[in-house]
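**Q** This structure is in structure tokens; I'll ask about it shortly.
The values are calculated or read from the model by the stated rules, or taken from the named source; none is laboratory data. What you are looking at is a predicted structure, and each value in this text was computed from that prediction instead of being measured. For neighbour counting, all protein chains shown are included, and Cβ atoms are generated from backbone atoms with ideal geometry for every residue, glycine included. Quick note on the areas: whole protein, heavy atoms, side chains included, nothing else; ligands and nucleic acids left out. Shrake-Rupley method; radii C 1.70, N 1.55, O 1.52, S 1.80 Å.
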Amino acid sequence: MKIFLLVFLAATTNAFAQTKDERLQLANEMENSIQHEMLNKWYPRCMDTLYGGFLSTYTYDFKPTGDQNKFIVTQARHTWSTAQAAMRYPDVAYYKTCAANGYKFLHDVMWDKTYGGFYTMVDRKGNVIDSTKNAYGNAFGIYAVAAYCKLTNDPDAIYFAQQAFMWLEQHSHDNVYKGYYQHMQRDGTPIQRTASTPSTAETGYKDQNSSIHLLEAFTDLYSVWQSAIVRERLYEMLLLIRDTMIGNKGYLTLFFQPDWTPVSYSDSSDASIKAHRGLDHVSFGHNVETSYLLLEASHALDIKNDTTTLRIAKQMVDHALQNAWDAKPGGFYDAGYYFKKKPGLTIVNKEKNWWSQAEEMNSLLLMSQLFPNDPMQYYNKFQQQWKYIQTYIIDHTYGDWYANGTDIDPQIKTALKGQIWKGNYHQFRAMMNCVNRLKGEE
């Protein structure tokens, strides 16, 4: 997947002040980690040869455990990862086999043959556990199928991707206020908030997380199906995320009423703010991930001289560095909050979860390429972030990444290595992008 260098940046021909040998050494370290500390730990081990799809729950030493229910997000992400791996390493035949297995499971089992849309959860054998639909899971379904289309150029897969997009268009898209409803009943009817909805529930709100991954999914879908309606929705999501969800704050608002009124508890008591933290905080990982996804979407749309998106993307990375960067060992804290009675931003969660460390590393290297002489010293911080990940996140004994940094959470070493919310999508995408960029292939 290509990330563009904006033509109006005069410094692009000198994006790295460091030596070519140093960059290649870093690229080789990451490439080795991708192949020998991550992908080979998951595949083909996690392909479910009995019932299709992928097993997702593993102990710290990669032994399958638990009931192995199959969640649309995990199934789609493993399908995406194996399709990407098959394109990147065409000599490793089982990646394509795994991708075909994942695609078949999405098509034959996770897709609702009666009402359309991807189910949220089935059991290992494929019996439906949760028949509701959500935009987040369906976004990843589209993302995975688009990757499989790139791998195979299969016309049936392209038709399935079109089907999945049009289902969202019919049921989840808001034609009045724009954007997408997140939660839907099985038949696709959006679920609204009512008087009985718990105040801490996400139900009925629009949100940044499904929105940024719809943006990502539509970016990839547009590369295999250059439809006017896909382009329109991709541009719509770019503007909504950039101008409404972020604006000039430097960070995303997490949840919104359907008319895009922000959900905020900043005028409430500290107890209420804490109780509703899931709905209202600053999520540094999502912010930095979004900076990359915005630039990727702008590139896919071929927007010329897009200084606004570039400015907002940089602002998001700078905000995270200024507020969440742990300068001594490296790594980014998880969450912050702007309390009205306290100056600046207060860190409210010091965890350093694996996915955000990956996204932040990816965006730091991208910013170093776009702004090589910036005072934020992106490349130096990228190097430190990679060292942090090697020291505190990658499990060099059993493989893949711990769920949190062991400098903050040493007990995480014996926690589950895989579960329905933890596969390898974030770390694979980040390291793949970084390797390409370090080699001058981005």
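**Q** Select, from Lys70, Lys63, the only residue that is of a type in the set (Lys, Arg) and surrounded by 24 or more Cβ atoms within 10 Å (Cβ to Cβ). Let's see the steps before the verdict.
**A** Numbers: Lys63 fails: surrounded by 24 or more Cβ atoms within 10 Å (Cβ to Cβ).
Being of a type in the set (Lys, Arg) and surrounded by 24 or more Cβ atoms within 10 Å (Cβ to Cβ) holds for just one of Lys70, Lys63, which is Lys70.
**Q** Mind checking which residues of the range 370-388 are under 22 Å from His299 (Cβ atoms) and surrounded by 18 or more Cβ atoms within 10 Å (Cβ to Cβ)?
**A** Listed by number, the residues that qualify are Leu370, Phe371, Pro372, Tyr378, Tyr379, Phe382.
**Q** Which of the residues belonging to the range 76-102 are without any contact (Cβ under 8 Å) to a residue 40 or more places away in the chain and under 19 Å from the mean Cα position of the chain (by Cα)?
**A** Listed by number, the list holds a single entry, Thr82.
Quick grid of which residues meet (1) modelled with pLDDT under 95; (2) open to solvent by 40 Å² or more (accessible area, probe 1.4 Å); (3) over 30 Å from Pro343 (Cβ atoms):
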{"residue": "Pro190", "(1), (2), (3)": "no, no, yes"}
{"residue": "Ile212", "(1), (2), (3)": "no, no, no"}
{"residue": "Ile229", "(1), (2), (3)": "no, yes, yes"}
{"residue": "His276", "(1), (2), (3)": "no, no, no"}
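**Q** State whether the residues of the range 251-269 include one that is out of contact with any Cys (no Cβ under 9 Å at 6 or more places or on another chain), part of a helix (DSSP H, G or I), over 20 Å from Gln163 (Cβ atoms) and of a type in the set (Gly, Ala, Ser).
**A** Taking the range 251-269 as the starting set, the residues that turn out to be out of contact with any Cys (no Cβ under 9 Å at 6 or more places or on another chain) are 251-269.
Still in the running and part of a helix (DSSP H, G or I): none.
Within the range 251-269 (the criterion being out of contact with any Cys (no Cβ under 9 Å at 6 or more places or on another chain), part of a helix (DSSP H, G or I), over 20 Å from Gln163 (Cβ atoms) and of a type in the set (Gly, Ala, Ser)), the answer is no, since none of the residues qualifies.
**Q** Test each condition in (1) within 28 Å of Val224 (Cα to Cα); (2) open to solvent by 30 Å² or more (accessible area, probe 1.4 Å); (3) at pLDDT 95 or above for Val7 and report the one that comes out false.
**A** Failed condition: (3).
**Q** Moving on. Which of the residues spanning the range 328-348 are part of a loop (DSSP other than H, G, I, E, B) and either hydroxyl-bearing (Ser, Thr, Tyr) or within 25 Å of Tyr392 (Cα to Cα) (or both)?
**A** Residues of the range 328-348 part of a loop (DSSP other than H, G, I, E, B): 328-331, 333-334, 338-345.
Correct list: Lys328, Pro329, Gly330, Gly331, Tyr333, Asp334, Tyr338.
**Q** So, one more: Which of the residues that make up the range 14-72 are over 30 Å from Val122 (Cβ atoms) and touching a Phe, Trp or Tyr at 6+ places or on another chain (Cβ under 8 Å)? Steps first, please.
**A** To start, the set of residues in the range 14-72 that are over 30 Å from Val122 (Cβ atoms) comprises 14-33, 35-37.
Across the range 14-72, the qualifying residues are Phe16, Ala17, Gln18, Arg23, Leu26, Glu29, Met30, Gln35.
**Q** Here are some conditions: (1) within 25 Å of the chain's Cα centre (by Cα); (2) aromatic (Phe, Trp, Tyr); (3) under 14 Å from Asp187 (Cα atoms). Phe105 meets all but one. Which one does it not meet?
**A** Condition (3) is where Phe105 drops out.
**Q** Additional query: Inside the range 84-103, can you point out the residues that are closer than 20 Å to Ala139 by Cβ, of a type outside the set (Ser, Thr, Tyr) and open to solvent by 10 Å² or more (accessible area, probe 1.4 Å)? Full working, then the answer.
**A** The first filter runs over the range 84-103 and keeps only residues closer than 20 Å to Ala139 by Cβ, leaving 84, 99, 102-103.
Checking which are of a type outside the set (Ser, Thr, Tyr) leaves us with 84, 99, 102.
Gln84 - this is the single residue of the range 84-103 that is closer than 20 Å to Ala139 by Cβ, of a type outside the set (Ser, Thr, Tyr) and open to solvent by 10 Å² or more (accessible area, probe 1.4 Å).
**Q** Sort through Ser56, Ser81 and tell me the only one that's at pLDDT 95 or above, buried (at least 22 other Cβ atoms within 10 Å of the Cβ) and in a loop (DSSP other than H, G, I, E, B). Please lay out each step first, then the result.
**A** Working: Ser81 fails: in a loop (DSSP other than H, G, I, E, B).
Just a single option satisfies the conditions, and that option is Ser56.
**Q** Might you let me know whether the range 430-440 holds any residue that is open to solvent by 10 Å² or more (accessible area, probe 1.4 Å) and assigned to a loop (DSSP other than H, G, I, E, B)?
**A** Step one: of the range 430-440, the residues open to solvent by 10 Å² or more (accessible area, probe 1.4 Å) are 432, 436, 439-440.
Within this subset, residues satisfying the condition of being assigned to a loop (DSSP other than H, G, I, E, B) are 439-440.
Within the range 430-440, one or more residues are open to solvent by 10 Å² or more (accessible area, probe 1.4 Å) and assigned to a loop (DSSP other than H, G, I, E, B).
**Q** Do the conditions hold for Leu293, that is, is it open to solvent by less than 50 Å² (accessible area, probe 1.4 Å) and more than 23 Å from Lys341 (Cβ to Cβ)?
**A** On the way: open to solvent by less than 50 Å² (accessible area, probe 1.4 Å): yes; more than 23 Å from Lys341 (Cβ to Cβ): yes.
Spelling it out, Leu293 is indeed open to solvent by less than 50 Å² (accessible area, probe 1.4 Å) and more than 23 Å from Lys341 (Cβ to Cβ).
**Q** Residues of the range 173-186 being in a loop (DSSP other than H, G, I, E, B) and either among the polar types (S, T, N, Q) or open to solvent by less than 60 Å² (accessible area, probe 1.4 Å) (or both), which ones? Let's see the steps before the verdict.
**A** Residues of the range 173-186 in a loop (DSSP other than H, G, I, E, B): 174-179, 181-182, 185-186.
Matches in the range 173-186: Asp174, Asn175, Gly179, Tyr181, Gln182, Gln185.
**Q** Now, a different point. Among the candidates Asp326, Asp395, which residue alone is open to solvent by less than 10 Å² (accessible area, probe 1.4 Å), within 20 Å of Gln427 (Cβ to Cβ) and of a type in the set (D, E, K, R)?
**A** One residue alone meets the criteria, Asp395.
**Q** Here is a follow-up. Under 8 Å between Cβ atoms, at least 6 apart or on separate chains: pull out the pairs that start in the range 171-186 with a residue that is farther than 19 Å from Tyr235 by Cα and without any contact (Cβ under 8 Å) to a residue 12 or more places away in the chain and end on any residue that is aromatic (Phe, Trp, Tyr) and open to solvent by less than 20 Å² (accessible area, probe 1.4 Å).
**A** Listed pairs, sorted by first residue: none to list.
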